[in-house]
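Asker: The following block contains the structure, expressed as structure tokens.
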Amino acid sequence: MKVEQHYVCHHISEERKLSLATLSFQGYALYWWTSLVRERMIHGDPPIEYWNDLKSGLRKRHIPSYYERELMDKLQRLRQGSMSVKEYRQQMELLFLRAGLREEERTSIDRFLSSLNMEVRDKVELLPYRHLDDLVQLCIKVEQQLKRKSSSKNSTYYSYREGPSSKCVRSTTF
């Protein structure tokens with residue numbers, strides 16, 4: 001979270017994090033916070049004193065219970081499709097980070113490979129790699145090769161004209 005980056009950058013103490021966060025609340029967030037403080041006081045619950053407790057309260061209030069399940073579903077359905085290999089890897093990594101997941105590298109490699117486009121996967125499966133990052137770099141290189149080959153095929157074509165000598169004429173378009 002951006003707020004936490006500020007805390008680290010400015011060396012904010014644990015005691016000040018909560019008050020700095022709530023100081024910036026406006027509108028509905030301010031209403032929610034004052035209601036929460038009042039409700040805890042009425043019920044005799046201890047006040048929220050730490051940033052982590054506030055984060056938990058915010059999550060409980062604003063993130064639906066099915067959020068993690070939805071992230072897992074998105075991860076299971078993720079396919080490279082029209083994304084570049086780099087975009088596909090970033091999307092996969094983002095879903096892992098959001099869901100707070102960690103899996104064995106071999107499992108991540110299998111997940112990554114199984115959802116790659118076939119033309120990239122078929123070529124990469126023949127190459128040696130040890131780690132997911134190595135595999136991703138290989139996939140990027142293969143993808144670049146495929147694009148180069150595709151663009152060179154599209155930029156050169158042959159036209160045959162019949163003329164006095166019936167020779168083939170090669171035409172190149174750029």
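Asker: Just the residues that are over 14 Å from residue 52 (Cα atoms), in a loop (DSSP other than H, G, I, E, B) and within 28 Å of the chain's Cα centre (by Cα), please, taken from region 1-24.
Answerer: 10
Asker: Moving to a separate point now. Of everything in region 41-55 that's part of a helix (DSSP H, G or I) and of a type outside the set (Lys, Arg), which residue is farthest from residue 112 (Cα to Cα)?
Answerer: If we filter region 41-55 for residues that are part of a helix (DSSP H, G or I), which is where we start, we get 41-42, 51-55.
Next cut, of a type outside the set (Lys, Arg) only: 41-42, 51-54.
Numbers: 41: 50, 42: 52, 51: 36, 52: 33, 53: 36, 54: 36 Å.
Result: 42.
Asker: So the check is Cβ under 9 Å with 6+ separation or different chains; which pairs have a first residue in region 45-70 that's under 13 Å from residue 33 (Cβ atoms) and exposed (fewer than 12 other Cβ atoms within 10 Å of the Cβ) and a second one that's of a type outside the set (Lys, Arg) and modelled with pLDDT of 85 or more?
Answerer: 47/37; 47/41; 61/32; 61/36; 62/32
Asker: In addition: Can you pull out every residue in region 16-29 that is free of Cβ contacts under 8 Å to residues at least 24 places away in the same chain and either hydrophobic (A, V, I, L, M, F, W, C) or at negative phi (or both)?
Answerer: Filtering region 16-29 down to residues free of Cβ contacts under 8 Å to residues at least 24 places away in the same chain leaves 16, 19-20, 23-29.
Selection gives 16, 19, 20, 23, 24, 25, 26, 28, 29.
Okay, residues lined up against (1) in contact with a Gly (Cβ under 8 Å, 6 or more places away or on another chain); (2) at pLDDT below 90; (3) surrounded by 14 or more Cβ atoms within 10 Å (Cβ to Cβ):
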{"residue": "85", "(1), (2), (3)": "no, no, yes"}
{"residue": "99", "(1), (2), (3)": "no, yes, yes"}
{"residue": "122", "(1), (2), (3)": "no, no, no"}
{"residue": "128", "(1), (2), (3)": "no, no, no"}
{"residue": "151", "(1), (2), (3)": "no, yes, no"}
{"residue": "157", "(1), (2), (3)": "no, yes, no"}
{"residue": "164", "(1), (2), (3)": "no, yes, no"}
{"residue": "172", "(1), (2), (3)": "no, yes, no"}
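The values are calculated or read from the model by the stated rules, or taken from the named source; none is laboratory data. All values reported here derive from a predicted model rather than from experimental measurement. Here the Cβ is made from the backbone with ideal geometry for all residues, glycine too, and neighbour counts use every protein chain on show.
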